[in-house]
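Take a look at the structure below.
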Amino acid sequence: MTIKKILLVDASPTERHFLSSLLTKQGYQVALAESGEEALDKAKQEKPDLIIMDVVMPGLNGFQATRAITKDDETKHIPVIMCTTKGQETDKVWAMRQGAKDYVTKPVNQDELLSNISALG
């Protein structure tokens with residue numbers, strides 16, 4: 001599977017702008033969502049090849065949204081990379097249990113993120 005379209009989910013306008021710019025410069029199409037609820041809707045509408053999901057968001061957090069996306073027949077094929085400030089090993093383990101395929105911490109190492117995206121593609 002080639003990754004062309006990425007859904008970027010983050011409550012922070014600054015993080016959305018930074019990551020969106022990075023991904024766009026690499027040739028990816030980027031759709032944006034600010035919340036877990038919006039991520040669920042956009043995953044179905046946009047049909048992205050990959051979702052980059054923050055954890056700490058108002059309403060539905062990234063763990064809950066990832067679990068919902070990876071359990072739904074319409075979206076369960078879409079890999080999710082968690083991208084968060086939560087760097088504890090327990091957070092990483094929990095993310096993987098919710099269905100995430102990878103986990104990167106903020107501040108994002110650009111090379112690491114791009115490498116992880118390529119590995120899933």
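For the chain, the relative contact order works out to 24 percent when only alpha carbon pairs closer than 8 Å and six or more residues apart are counted. Counting only Cβ charges, +1 for Lys and Arg and -1 for Asp and Glu, the dipole size of segment 16-121 around its Cα centre is about 120 debye. Each of Ser118, Ser20 was scored by other Cβ atoms within 10 Å of its Cβ. Listed from fewest to most, they are Ser118, Ser20.
Listed by chain and number, the lysines placed with their C-alpha closer than 18 angstrom to that of Lys92 are Lys101, Lys106; residues fewer than eight positions away on the same chain are left out. For Met82, Met57, Met96, Met1, the sequence from fewest to most other C-beta atoms within 10 Å is Met1, Met96, Met57, Met82.
Ignoring lysines fewer than eight residues from Lys25 along the same chain, the ones with Cα atoms less than 17 angstrom from its Cα are Lys4, Lys5. By other beta-carbon atoms within 10 Å, ranking Arg67, Arg97 with the fewest at the front produces Arg97, Arg67.
Where a number appears in this text, it was derived from the coordinates with a stated rule and is not lab data. Everything numeric here is computed off the predicted structure, so don't read it as measured data. A quick note on method: Cβ atoms are made from the backbone with ideal geometry, for glycine too, and the neighbour counts reach across all protein chains shown.
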